[in-house]
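The values are calculated or read from the model by the stated rules, or taken from the named source; none is laboratory data. Treat the numbers as computed from the prediction; the structure is a model and nothing was measured. Note that each Cβ is placed from the backbone with ideal geometry, even for glycine, and that neighbours are counted across all protein chains shown. Accessible surface is based on the protein model in full, side chains and every heavy atom, while ligands, DNA and RNA are left aside. Shrake-Rupley method; radii C 1.70, N 1.55, O 1.52, S 1.80 Å.
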Amino acid sequence: MSLHKTLNLARKLLLVALAGLAFAAPAQSEPLRIEITEGVIEPLPFAVPNFQAENASAGEMAQSIARVVAADLAGTGLFREIPSSAFISTVTSFSSPVQYADWKAINAQALITGAVSVGTNGKITVKFRVFDVFSQGQLGEGLQFAGSAGSWRRMAHKVADAVYSRITGESAYFDSRVVFVSESGPKNARQKRLAIMDYDGANLQFLTDSSALVLSPRFSPTGDRVLYTSYETGFPQIFLLEIANVGRSALPTPNGNMSFAPRFSPDGNEVVFSLENGGNTDIYRMNVGGGGAQRLTSAPSIETGPSFSPDGSQIVFTSDRSGTPQLYVMSANGGAARRISNGAGRYNTPVWSPRGDLIAFTKQNAGRFHIGVMRTDGSEERLLTASFLDEGPTWSPNGRVIMFTRESQGASGAAALYMVDITGRNLRRVTTQGAASDPSWSPLQ
Amino acid sequence: MKQITKVAFLVLALGASACTNPGRFDNMGGAGAGGAIVPGSAADPSSPVYFQQTVGDRVLFEVDQSTLGADARDLLVKQAAWLMENPDFTAIIEGHADEQGTREYNLALGARRASAVLNYLIDRGVAPNRLRTVSYGKERPIEICSDEACYSQNRRAVTVISAGGLTS
């Protein structure tokens, strides 16, 4: 059922409930549910009272965790937070019964309660429950997460992931990170360095200094490594970086002038990339550790931007063999390719969704840039954004949100990261310290 | 080693310029008080600065093209002649694109442009082992406005002269 229909149904049920006042029995209610596929017209109202501090030292953290949970949910555009100033009930204990009528009166359809305790070893434990206010019942079991105090944001994201999953029936994306290029300096002397942060911009860490130009980092499917292009040697070359110790090594690519546009295979063991030789760029794959190099395209045109399908059997890429850059799909072992982009304009940076159902891309047409999605056969193209310069989509781990680079026009133009739902709704800027480009989203941690 | 080569070369260059280009740099900087040409200055026809400023170090391209136009070919004939006359120098040819394109495609496009220049210089007799290409795509614009006046200057291939050997 589409989201729209579900919500309409939810609204009808709400009207019935209101008309019948207290007569709407919980058993007759539809369970609390959002279907994401067609975008949310009316976000679902929720309340997150401050989590209970089960000992004195947990007080500040209990408040902060509740705020992160609320920000995660509200940021999706699927949910709307009801401010605490509207609350009638005060939650005084994690185990005390929920006063459903008080939450219903302020139209909170979902209620999230939680508690935080700090152990003698400094570890924190976060417990939470989700309630379907209109059905007057708990949604799923209560859960708890334990970890170091320094990982409190991760635990908050895990709570929000669980709430999101229970209400949408889909996997979530809050406990994830983004590797990107942090930019500074004027347009004609740009400094770039690799950086990593939580998906919401928190916990920023730099992975390289700005002594060498770096481009287009890509997360490994295991979330612990990054492939990127660096001019460290004076020439663009692909590097592999271990996030844990920030150790990096050049990929031993086959002889050629420059290597770039890397992406991991779904198992993380191989890399598919572009190699330039004598001015011509083609696509290769090889083992991440070196060896096993295989040339996949052999044409005088530009072949770049390769991306594996999640099952590893196919590769989508850009080629200008027709005269302009267009999207093609071939076997992951090379061979014949079929063109899938058919609209007016130029298509670049294709990336297969983690669900396997869609391909996101950058489209340039009539002086504008767009982020778009199409089915893997090229049908049902939909443009999600339009601006002076949008490029480089990356998928959220659940395949529902796309992050990309938006660069503003003119001499003072600067790059920033944005997110948009695959429905085209809920376009918003991602908070970063300074200018940022080329995001790559990690898997769910 | 590099330093020694450079010093030896500059002495040779000074001698050559004194013989073959007498009085040619009257209006240019670099002439010493007694009219002697300062080695390595813009007045020294064997200097990278002279190559950059007087021979001309860059050719421009049409949107999305890597074809060399008539003006570009004329300039590259002069670049090739200079490189032939100054055999101790090597060159890296940088290919660039304007900002109207995605990062990775523009890297490939810049490589095409640099390669077009490299191939032309080789055709004119420059030894291939003295030349190398690199593409910066849209990463290093020299003009920063967002219209054709700037874009046309950014779609370029620049021949950068250096005294050292090429590493590969």
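The C-alpha atoms of segment A:132-272 occupy a region whose extents along the principal axes are 65, 34, 28 Å, arranged from largest to smallest.
Size estimate for segment A:329-445 follows the Kirkwood approach: the inverse of mean 1/r over distinct Cα pairs works out to 14.8 Å.
Considering helices alone, the calculated mean residue ellipticity of chain A at 222 nm is -4000 deg cm²/dmol, with DSSP H runs of length four and up weighted by -39500 (n - 2.57) and normalised per residue.
Listed by number, the DSSP H helices of chain A that run 18 Å or longer by alpha-carbon position along their axis and have mean Kyte hydropathy of at least 0.5 are A:3-19, A:59-75. Model label points for A:Ala74 and B:Asp123, set 7 angstrom from Cα along the Cα-to-Cβ axis, are 6.4 nm apart. Stokes-Einstein diffusion of segment B:47-168 at 37 °C, 0.692 mPa s viscosity, Kirkwood radius from Cα pairs, rounded to a whole number: 230 µm²/s. Based on C-alpha pairs under 8 angstrom that are at least 6 apart in sequence, chain A has a relative contact order of 10 percent. Among the residues of A:273-283, the average count of other protein chain beta-carbon atoms within 10 Å of the residue beta-carbon is 5.
Less than 19 Å from a label point 7 Å out along the Cα-to-Cβ axis of A:Ser408: which backbone N atoms in segment B:125-163 qualify, by residue? Taking a point 7 Å out along Cα→Cβ of A:Ser408, the residues of segment B:125-163 whose backbone N falls under 19 Å are B:144-147.
The protection proxy used here, the mean number of other Cβ atoms lying within 10 Å of each residue, ranks peptides A:346-352, A:149-155, A:183-189 as follows, highest first: A:346-352, A:149-155, A:183-189. For A:Lys123, a cut-off of 17 angstrom between C-alpha atoms picks up these aspartates and glutamates, skipping any fewer than 8 places away in its own chain: A:Glu54, A:Glu60.
Modelled spin-label separation between A:Gln144 and A:Asn188, with each label point placed 7 Å from Cα along the Cα-to-Cβ direction: 6.3 nm. Accessible surface of segment A:336-422, 1.4 Å probe: 45 percent of it comes from carbon and sulfur atoms.
The value obtained for segment A:284-324, namely the Cα convex hull volume divided by the number of residues, is 85 Å³ per residue.
Shown here is the pair-distance distribution of segment A:178-441: with all Cα-Cα distances grouped in 5 Å bins from zero up to the longest one, the shares run 1, 6, 14, 18, 20, 19, 14, 7, 1, 0 percent. In this structure, the pairs whose alpha-carbon distance is over 31 Å, taken from A:Lys192/B:Lys78; A:Lys192/A:Lys363; A:Lys158/B:Lys138, are A:Lys192/B:Lys78; A:Lys158/B:Lys138.
For the protein assembly as shown, taking Cα atoms only, Rg and Dmax work out to 29.7, 108 Å respectively.
Remark: chain A carries a charge dipole of roughly 400 debye about the Cα centre, counting +1 on each Lys and Arg Cβ and -1 on each Asp and Glu Cβ. Projecting the Cα atoms of A:Asn50, A:Thr423, A:Ala162 onto the dipole axis of chain A, where Lys and Arg carry +1 and Asp and Glu carry -1 at the beta carbon, places A:Thr423 farthest toward the positive end.
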